[in-house]
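The values are calculated or read from the model by the stated rules, or taken from the named source; none is laboratory data. A quick note: this is a predicted structure, and the numbers were derived from the prediction, not measured. Here the Cβ positions follow ideal geometry from the backbone for every residue, glycine too, while neighbour counts run over all protein chains shown. Note: areas computed on protein heavy atoms with side chains; ligands, DNA, RNA excluded. Shrake-Rupley method; radii C 1.70, N 1.55, O 1.52, S 1.80 Å.
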Amino acid sequence: MKTVFFKAGNAGYFLNEVKTMIRLNVFSTTLTILSTGLIFYILAMILSGWWVSSYVIKVVQGEAEINVYLNEGIVNSTPEVQLMMERINGIEGVRAVRLVNQEEAYQRMAEVLGKEAKVLEKFEENPFSAFVELKINLEAIDSVLDQLNQLVGVEHIRDNRDVLDRLRHIAGVLRLIGILVVVAVGISTLVIISHIIRLGIANNKEQINTLRLLGAPERFIALPFLLEGLVLTLGGGILAVALAAFSLNYLYAQLAGPLPFIPLPPREGLVAGMGIVVLSLSAVLGIVGSLLGLPSVKND
Amino acid sequence: MTMIEAKGVCLRFPNGTKALKDIDLFVKPGDMVYVTGPSGSGKTSLLKLFMGIEYPTSGSLKVLGQTMIQGQTAGIRRLRTIIGPVFQEFKLIDGRTVTENVMLGMRFLNLTQDQLMENAHHALQKVGLEHKAHSLVENLSWGESQRVAIARAVARKPVLILADEPTGNLDKANALNILELLTSFINDQTAVIITTHATHLIDAEKPCKVIRMDQGSLTWERLG
Ligand SMILES: Nc1ncnc2c1ncn2[C@@H]1O[C@H](COP(=O)(O)OP(=O)(O)O)[C@@H](O)[C@H]1O
Ligand SMILES: [Mg+2]
């Protein structure tokens, strides 16, 4: 006959046990929640940073485009420009070719600058030159660039490989830091929680012993401690997610004004995703931390 | 089923104290057994063996069919769920109410929430502590704590009640009440074993068995 104790009536009992344990140790409980909260906050911010940079890379990559500036002599001759565009279009990997004339180039920059576009008015004539804009297959970028370089009449090629490389580097660093932080967060949370659980068990030795003498199964005895660990880390996790959501809102507001062209992921999605990851991680760490502390129940 | 079957049981503590020497004892359902003897004679040690808190260092012991040897964790845990222990020092859980303490002994048994509450209520009624149901146990008098401990032991409807000095520190009237209360749980399927050093309280009229412990040895004083 298997003993059932996961019944509705006992839920109240287990929660009450947790409440009592917390009530008897308000100070250490608060400190634990605050410190795990701080740890999870750092994790949440690094994760968000990594997430944002990955998103930006994806968007920038998707828009992989190359701008080809032609020699002075050719730009002003429509047939020659036409010829150049046909040649470029013939390169394998090029999907579309379009001429951005001086006027459009000026408008684009004005758009990017937004309010600051006034500086452009200081120029007496349009300082931008026309260029050929091409959309390419990303995989072919190296060979396309090679062939463009060999074309006569090309003065200068601008591609976003540099930007992409730099972004990739940032994302890589953030991912590395992220992994290190996850490991550090994991270890420190496990150490803190298992220690707290061990303390709780030491404080409740008599009660545990009495329950054993009454024939209570080990799982029944252990469950409140497991719940306690979960409450502590989830408390820290919720605190961290709230703080991180607040910080992200602030950062988004700061970035949206001066840098409107950075393709940030939607804020709600970012916050929700970060919240889910941090909360699940905190739950898992709480349970594992408690499980690590539990064996001390056994040696009485 | 035999309640207790002890043959040549000895208990020697690691420090060398021989608490029990060559104990033979047979307890069957319906038995009311008093274990008497001076302090330090081995009464508590005997009950500890019956609950699997200590194990015989030699001899053989069976409690409700369970062989009492080290390593029988699951069997002994199950055995403990059908025993109603009343500890000499009560072992109530501070910070909890009387009702919570009584229910604690039943939470991990196969009982519904309704049965749990009914059993607790009934037991508290029986020991006359309904009016203290919601008091914290640390605010109770000695005698009240004693009765909560008994209520917790009997509420789960055990087969075997083991009460260690349940009359200790009580005046004669209260002590007699407690003994009468414990006796009332006897039926043809249960047995009660009570340790006491107050032999004068044992009612000569009522059927019971009395054994006497002396420096770890057992002698029969009355066989029923
Ligand atoms: N854990 C122990 N370790 C060593 N000696 C013990 C232990 N428990 C009890 N004793 C000794 O065993 C003897 C019997 O003790 P106990 O069973 O408690 O007697 P009683 O309950 O009759 O007063 C005493 O001499 C006591 O000192
Ligand atoms: Mg004793």
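Tabulated results
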quantity: One residue from A:ASN67, A:ASN16 being open to solvent by less than 40 Å² (accessible area, probe 1.4 Å) and over 29 Å from the mean Cα position of the chain (by Cα); calculated: A:ASN67
quantity: Candidate set from the stretch A:114-153 (those that are of a type in the set (Val, Ile, Thr) and more than 33 Å from the chain's Cα centre (by Cα)); member that is surrounded by the most Cβ atoms within 10 Å (Cβ to Cβ); calculated: A:VAL132
quantity: Residue match in the stretch B:171-184 (condition: surrounded by 15 or more Cβ atoms within 10 Å (Cβ to Cβ), at pLDDT below 95 and assigned to a loop (DSSP other than H, G, I, E, B)); calculated: no
quantity: Considering residues of the stretch A:201-211 that are farther than 15 Å from A:PRO295 by Cβ and not polar (S, T, N, Q) only, the residue modelled with the lowest pLDDT; calculated: A:GLU206
quantity: So A:GLN61, is it without any contact (Cβ under 8 Å) to a residue 40 or more places away in the chain and either away from every other protein chain (no Cβ under 14 Å) or open to solvent by less than 60 Å² (accessible area, probe 1.4 Å) (or both); calculated: no
quantity: Qualifying residue in the stretch B:215-224 (condition: in contact with a His (Cβ under 9 Å, 6 or more places away or on another chain) and farther than 30 Å from B:ARG12 by Cβ); calculated: no
quantity: Condition check for A:GLY93: away from every other protein chain (no Cβ under 14 Å), small (Gly, Ala, Ser) and open to solvent by 40 Å² or more (accessible area, probe 1.4 Å); calculated: no
quantity: Subset tally (residues that are free of Cβ contacts under 8 Å to residues at least 60 places away in the same chain and either near ligand 1 (Cβ under 7 Å from one of its atoms) or more than 21 Å from B:VAL159 (Cβ to Cβ) (or both)) for the stretch B:12-39; calculated: 6
quantity: Subset of the stretch B:134-159 [surrounded by fewer than 18 Cβ atoms within 10 Å (Cβ to Cβ) and touching an Asp or Glu at 6+ places or on another chain (Cβ under 7 Å)]; calculated: B:GLU138
quantity: Residues satisfying the stated conditions in the stretch A:74-88, i.e. free of Cβ contacts under 8 Å to residues at least 60 places away in the same chain and open to solvent by less than 80 Å² (accessible area, probe 1.4 Å); calculated: A:VAL75, A:SER77, A:VAL81, A:MET85
quantity: Hits in the stretch B:147-165 - residues which are under 23 Å from B:LEU109 (Cβ atoms), more than 13 Å from chain A (Cβ to nearest Cβ) and within 16 Å of ligand 2 (Cβ to nearest atom); calculated: B:ALA163
quantity: Qualifying residue in the stretch B:53-64 (condition: within 16 Å of ligand 2 (Cβ to nearest atom) and either at pLDDT below 95 or of a type outside the set (A, V, I, L, M) (or both)); calculated: yes
quantity: Residue match in the stretch B:56-72 (condition: open to solvent by 10 Å² or more (accessible area, probe 1.4 Å), within 9 Å of chain A (Cβ to nearest Cβ) and not charged (D, E, K, R)); calculated: no
quantity: Subset of the stretch A:208-225 that is of a type outside the set (A, V, I, L, M, F, W, C) and open to solvent by 20 Å² or more (accessible area, probe 1.4 Å) - its residue that is nearest to A:ILE42 (Cα to Cα); calculated: A:ARG219
quantity: Residue match in the stretch A:250-270 (condition: in the same structural domain as A:THR32 (by TED's automatic domain parsing), closer than 30 Å to B:LEU47 by Cβ, modelled with pLDDT under 95 and among the aliphatic types (A, V, I, L, M)); calculated: no
quantity: Residue that is farthest from B:LEU170 (Cα to Cα) [pool: residues in the stretch B:73-94 that are away from ligand 1 (no atom under 16 Å from the Cβ) and open to solvent by less than 30 Å² (accessible area, probe 1.4 Å)]; calculated: B:GLY75
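For (1) within 14 Å of chain B (Cβ to nearest Cβ); (2) open to solvent by less than 40 Å² (accessible area, probe 1.4 Å); (3) modelled with pLDDT under 90, each residue gets a yes or a no:
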residue: A:GLU155; (1), (2), (3): no, no, yes
residue: A:ARG168; (1), (2), (3): no, no, yes
residue: A:ALA184; (1), (2), (3): no, no, no
residue: A:SER194; (1), (2), (3): no, yes, no
residue: A:LEU199; (1), (2), (3): no, no, yes
residue: A:LEU227; (1), (2), (3): no, no, no
residue: A:LEU232; (1), (2), (3): no, yes, no
